[in-house]
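Take a look at the structure set out below.
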Amino acid sequence: MAEDIFEYLRRSPPRCLAAFGAVLQNEFEKRHVRVAEFEVSCGKCKTAKFDLGILARVWKEGTETSEIGVSATCSECGNRETLFDGTRFGYDGEHDHLAFLKGDDIESPLGGDRAVRVRVGFTYNIETSELLEHAAALNKSPQDFFDWFHVLTPGAEDWNSVWEFECA
Ligand SMILES: [Zn+2]
């Protein structure tokens, strides 16, 4: 019974998109790596353009700062949501591997001051059977255990990755 991670993604995006509308736009497989991309809209007013921000945190011990996530503020109604936070989402987030980075966000703009359409991509590197077993053992959803996250915005010809995070 080899189930496909795409079947789970078609039913529901990863839980970090719960506050957004999300439509699966693209899914593809390169060797054993599977990637799914969703276009997001505002969960309140359904507008599909956002001002993006990069979220960073200072390490609990020391002064080093790491980028850990992205915020999205709706260009129409101003609703602001966290689009991704590596300390809570993805493989390491689900396992709380990045607890040393929890704290207050330092936010800086991502991209220009022009509101943009946004897609987010989730990459799954581990074998699907392993992924399903892993999620079942923790009573969580397999689509939440992605190992790479990226944000795309429209470029002149295609969508370009503007921010990414290694989650495992
Ligand atoms: Zn809105």
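The values are calculated or read from the model by the stated rules, or taken from the named source; none is laboratory data. All values reported here derive from a predicted model rather than from experimental measurement. FYI the Cβ positions are ideal-geometry reconstructions off the backbone, even for glycines, and counts take in every protein chain you see.
Taking first residues from the range 138-161 that are within 13 Å of GLU39 (Cα to Cα) and partners that are part of a loop (DSSP other than H, G, I, E, B), the Cβ contacts under 7 Å between residues at least 6 apart in sequence or on separate chains come to VAL151/VAL118; THR153/GLY111; THR153/ARG117; THR153/VAL118; PRO154/ARG117. Checking the condition aliphatic (A, V, I, L, M), surrounded by 17 or more Cβ atoms within 10 Å (Cβ to Cβ) and part of a loop (DSSP other than H, G, I, E, B), which residue from ILE126, ILE54, ILE68 passes? Being aliphatic (A, V, I, L, M), surrounded by 17 or more Cβ atoms within 10 Å (Cβ to Cβ) and part of a loop (DSSP other than H, G, I, E, B) holds for just one of ILE126, ILE54, ILE68, which is ILE126.
Taking into account only those residues within the range 82-104 that are surrounded by fewer than 19 Cβ atoms within 10 Å (Cβ to Cβ) and under 22 Å from GLY21 (Cα atoms), which is nearest to the ligand (Cβ to nearest atom)? My answer is THR82. Applying a threshold of 9 Å to beta carbon distances and a minimum spacing of six or more residues, or different chains, the list of pairs starting in the range 59-83 at a residue that is under 16 Å from PHE165 (Cα atoms) and without any contact (Cβ under 8 Å) to a residue 12 or more places away in the chain and ending at one that is more than 10 Å from the ligand (Cβ to nearest atom) and assigned to a strand (DSSP E or B) is empty.
Which ones in the range 1-51 are hydroxyl-bearing (Ser, Thr, Tyr), outside any loop (DSSP other than H, G, I, E, B) and either farther than 22 Å from ASP85 by Cα or touching a residue at least 24 places away in the same chain (Cβ under 8 Å) (or both)?
Matches in the range 1-51: TYR8 only.
Note on the range 35-65: residues that are modelled with pLDDT under 95 and either among the charged types (D, E, K, R) or in contact with a strand residue (DSSP E or B) (Cβ under 8 Å, 6 or more places away or on another chain) (or both) amount to 7.
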